[in-house]
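Readers should treat all values here as calculations from the given coordinates under stated rules, not as data from a laboratory. Here the structure is a predicted model, which means the values were calculated and not measured. Neighbour counts are summed over all protein chains in view; Cβ atoms, including those assigned to glycine, are modelled from backbone coordinates with ideal geometry.
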Amino acid sequence: MGKFDPAPVRAQFPIFSAPLRPGVALHYLDNAATSQMPAVVMDAVRAHDATRRANVKRGVHTLAERATDAFEAARAKLARFLNAADPDEIVFTSGATGALNLAANSFGALLKAGDEVVLSVLEHHSNLVPWQMLRDRSGVVLRFLPATAEGHVDVGALGRTVTQRTKLIAVTHVSNVTGAITDVAAITRAAREVGARVLLDGSQRVSHGPVDVQTLGCDLYALSSHKMFGPNGVGALWGKAELLAQMPPFLGGGEMIRTVTLDRTTYAKPPHRFEAGTPPIAQAVGLGAAIDWMNTLDHGAVATHLGALTQRILKGLADLGGGNGRVRVVGPPGLHGRVPVVSFAVDGAHPHDICQMLDAHGVALRGGHHCAQPFMESCGLGGTTRASLAPYNDDGDVDALLNGLEDALAKLS
Ligand code: PLP
């Protein structure tokens, strides 16, 4: 494993070619919300629309066939990235939110009143609200795993939360607030004991390299392209073929049917059954290009590089707190069991104020509840400020963050 140099990576991202404002460089540390796109991905989207733009699946003319081939090639790339057994296990959606709503509606249709779905208090609203909507219309019972003090899904509570009525455990693979990686092995073990399925929300995991859904042992996996250096407007739900085959469609319309009469419709096989209407074609092609780009990285070396930057942020926050608890990390205190996402709370300061003050230094952070209000409430916080890293981040970004924070804290005291 070689030492990772972020400079040549950064050079591939047009966003960094100009200052944020005259005299102020961009220090983009909001990657957990959306990562930046390298030029090759932008070029792939443009090339698709410039040379292959047509609707997919139904056309027999040359462009339509080329568009369909490119769309299906992107599906195959994502299948390899996830180590799916078959490309047809990949359902393209509008994003992770689309994937999770699909799961809650289509898998949810297999459930009956009294069946239980286990979530965690750490879930992004996208993996909570759709299940609440299912509960309200079908009588499914929701149960919740708590979070540990370090911001992990508390798998120690599985024994008292999972019951013989549990049909699904649906939890985040990595918390978007704390960066903590979930102990998936404990989740799948508990699920198998009662014959339940496992869904992982992989939105915050996929930006850190390939995932092996077969080794993880889950049944469904949701993700978004724009968090993995790809375009907006596309994401996916991976599902085991035998499970997708049991799930009814969620959205009805063109492309998802086998036959339609005025009385009734029969449905296509997965994944097409779940892809009603014209899909985000150029965006899916862009996602395929983003995967190709990610495959050029040495993910071990990137993890070491980002681990060192994360360690600097954690130490810098501890130093700024001065041991008086003014700055508190919400999440794992060290590098173990986390991705390079660091949330912190500053006593007496609103995260939005911190973000605005840091923006003056060119530092892009996210502040607020991060679409995880129940977790924030369980921490007794209205929100946190979050710095999240990607391979193009470097020591200069961490310097700007820590210097900007020092300045902000001085102004606020
Ligand atoms: N799940 C998690 C853990 C997330 O971090 C996000 C986005 O922040 C989502 C789901 C929703 O993703 P999207 O808005 O791309 O649908």
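Some observations on this one:
- Electrostatic tally near A390: other residues with Cβ closer than 14 Å to its Cβ, Lys and Arg +1, Asp and Glu -1, net +2.
- Highest-first arrangement of 353-359, 162-168, 22-28, where packing means the average Cβ count within 10 Å: 353-359, 162-168, 22-28
- Helix-only mean residue ellipticity at 222 nm for the chain, each DSSP H run of n ≥ 4 adding -39500 (n - 2.57), per residue, nearest 500: -11000 deg cm²/dmol
- Between amide H atoms placed 1.01 Å from N, distances below 5 Å from R338 occur with I181, all of them 5 or more places distant or on a separate chain.
- Peptide ranges 376-383, 195-202, 69-76 listed from the most packed, as the mean C-beta count within 10 angstrom indicates: 195-202, 69-76, 376-383
- Between amide H atoms placed 1.01 Å from N, distances below 5 Å from V198 occur with I169, D219, L220, all of them 5 or more places distant or on a separate chain.
- Spatially, the range 373-413 and the range 176-216 are offset by 26 Å when compared through their Cα centroids.
- Whether the chain is rounded, prolate or oblate, judged on the alpha carbon gyration tensor where a/c under 1.5 counts as rounded: oblate
- Under the Karplus curve 6.51 cos²θ - 1.76 cosθ + 1.60, θ = phi - 60°, whole-Hz ³J(HN,Hα) for the range 223-236, x wherever Gly or Pro sits: 7, 10, 5, 6, 9, 10, 6, x, x, 6, x, 9, x, 7
- Alpha-carbon centroid distance for the pair the range 222-244 / the range 247-283, whole angstrom: 18
- Peptides 118-131, 48-61, 254-267 ranked from most to least packed give 118-131, 48-61, 254-267, packing being the mean of other C-beta atoms within 10 angstrom over each peptide's residues.
- Of the beta bridges in the chain, as assigned by DSSP with both residues counted there, near 60 percent are antiparallel.
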